[in-house]
Amino acid sequence: MNKKISAAVASAALVLGSSAANAGIIIPAGEWTLDVNGNVNVFATMQNYDDVATETVTIGTAGTEDSTGEDSNQSINTGLLPAWLGFTGTTRQNDLDVSFTISMQPNVSDNGVTGDYAANLGSAPTLWRQAFLTFGDKSWGTVKMGKDLGIFAGQAILHDMTLLGVGGKYGNSGSSTTHGGIGTGYIYPAWKGQIGYTTPNFNGFTATVAITNPNQVDLDLTGNAAYQDRFGLEGQLMYTADSFKIWASGASYKVKESATVEFDAEAADLGASFTFGNANLVAYVYKGDGAGTRFFGYGGATAAGATRDSDGGYVQATYVIPSGTKLGVAYGVSKLDLATGETNATLVDKNTRLTVGAYHPLTKHLNLVAEFNSINSEAQGANENESQALSLGAILFF
């Protein structure tokens, strides 16, 4: 590969075996080497919803028919990866490897009447997910400072085959991205301000620790801001060999909802990826207390500060047939328990996802994608939602 394609774009390509892994436009610039990289992906998605809008499942990931009784929808949008344009500069100065990365993520569609961003119609603006610097040396490790993908659950999303496709939360045109397996197998690692350190590679072993930005979260789902009143702590241990990778990561945040309500939101995970010839198997599990579901902390506690346990995971198998097409199937589940003594019939009990996909390298950089996703959301009471979607599209890496 030419240098490195930063964060999700490169990682997704390398993990999923995309033919685009050798992408990147390299520009020598004096003492610097600039890597211009990214992707454009577009999907036509046809969705069907099995349940009425009044069948409420709070924090459910399956859609329902709208208030007019419409039970189907079509959209043109990006998938789990947004369209991406990234710039990474690298140099060697004073016995240090120094780099910077800045990226932006524009959308490929808009549901505004003019086709331009219109906040009142719910369209999404351009995202800015990365702005960080690194410095270090292979003898002692690397320091990262700035905004990048979170550490906890980061490997879960990077190994998700729907990173080249759509997955769950297909929604309407104009949204920033779909959700892939977020909330149906893992918690979103998010894009976080962080200061972290990664050790050198010790015969395949690496460790990362970081303090992260204490973002606000809506723990009790009432719209009241809960404040993480210290830096978050995130870390990861990983072992990588030729045919397999094993990792474990964790996160801890201290949350203050009021002058008298304060608690810890914590989670940990364990994952592995094994490759056997043309086959690959991924297994992943997580467990949290106060960590909620879908997004870290989302729905993780009641207004009184009673935390809810959560857990889940996914299994995924892919196989590359002689034509080069990668065929894959994945099943994921995310569960959220009621707090001790809590009664909440509409709060989600579990979200599940079944994905069947085909990813074909039409050229070195261009992949055609076909995916079928079935999502089911069950509440703590009797409510249940189901939805299905077929997505056809393409993703181009450069």
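Given the Cα-Cα distance of ASP97 and PHE202 and 0.36 nm per residue of separation, how much length would full extension add, in nm?
Values: separation 105, 0.36 × 105 = 37.80 nm, distance 1.85 nm.
Taking 0.36 nm per residue and subtracting the Cα distance, the gain is 35.9 nm.
What residue among GLN228, GLY89, TYR186 has its Cα farthest toward the positive end of the dipole of the stretch 7-397, where the charges are +1 on Lys, Arg and -1 on Asp, Glu, each on the Cβ?
Farthest towards the positive pole: GLY89.
Using r as the Cβ-Cβ distance of ARG230 and ASP137, and R0 as 25 Å, what FRET efficiency do you calculate, to the nearest 0.05? Before the final figure, lay out each step's value.
Values: r = 31 Å, r/R0 = 1.22.
Efficiency computed from Cβ-Cβ geometry: 0.25.
Only four residue types carry charge here, +1 at the Cβ of Lys and Arg and -1 at the Cβ of Asp and Glu. Report the dipole size of the stretch 7-397 about the Cα centre in Debye, rounded to the nearest 20. Could the numbers behind the result be given before it?
Numbers: 19 positive and 36 negative charges, 259 e Å.
Roughly 1240 debye for the stretch 7-397.
Quick one: compute a quarter of the convex hull surface over the Cα atoms of the chain and quote it in nm². Write out the running numbers ahead of the final one.
Details: hull surface 80.8 nm².
Quarter of the Cα hull surface area: 20.2 nm².
Choose one of PHE100, SER249, ASN77: the residue whose Cα lies farthest towards the positive end of the charge dipole of the chain (beta-carbon charges +1 Lys, Arg; -1 Asp, Glu; about the Cα centre).
Farthest towards the positive pole: PHE100.
If you stretched the chain out fully between ASN213 and ALA53, how much longer would it get, using 0.36 nm times the residue separation minus the C-alpha to C-alpha distance? Mind showing how you got there, number by number?
Values: separation 160, 0.36 × 160 = 57.60 nm, distance 3.62 nm.
Length gained between ASN213 and ALA53: 54.0 nm.
Can you spot the aspartates and glutamates whose alpha carbon is less than 20 Å from LYS245's alpha carbon? Ignore those fewer than 8 places along the same chain.
Candidates past the 8-residue exclusion: ASP160, GLU234, ASP269.
First check a/c for the stretch 144-302, with a ≥ b ≥ c the square roots of the eigenvalues of its C-alpha gyration tensor; if it is under 1.5, answer rounded, and if not, answer prolate when a/b is larger than b/c or oblate otherwise. Working shown, then result.
Working: a/c = 2.09, a/b = 1.35, b/c = 1.54.
Oblate, because a/c is 1.5 or more while a/b does not exceed b/c.
With the Cα gyration tensor of the stretch 45-109 giving a ≥ b ≥ c as the square roots of its eigenvalues, does the rule (a/c under 1.5 for rounded; else a/b larger than b/c for prolate; else oblate) give rounded, prolate or oblate?
Cα axes put the stretch 45-109 in the prolate bin.
What's the ranking of 71-84, 93-106 by average number of surrounding C-beta atoms within 10 Å, highest first?
Working: 71-84: 21.7, 93-106: 16.5.
Output ranking for 71-84, 93-106: 71-84, 93-106.
Which listed residue (LEU237, ASN376, ALA283) has the Cα farthest towards the positive end of the charge dipole for the chain, taking +1 on Lys and Arg C-beta and -1 on Asp and Glu C-beta about the Cα centre?
LEU237
Of the peptides 281-293, 152-164, 333-345, how do they stack up when ordered by the mean number of other Cβ atoms within 10 Å, highest first? If you can, show how the numbers build up before the last one.
Working: 281-293: 23.0, 152-164: 27.0, 333-345: 16.0.
Most protected by this proxy first, the peptides run 152-164, 281-293, 333-345.
Every number in this text was worked out from the coordinates using simple rules, so none of it is lab data. Everything numeric in this text was worked out from a predicted model, so none of it was measured. Methodologically, a virtual Cβ is constructed for each residue, glycine included, from the backbone with ideal geometry; neighbour enumeration extends over all protein chains shown.
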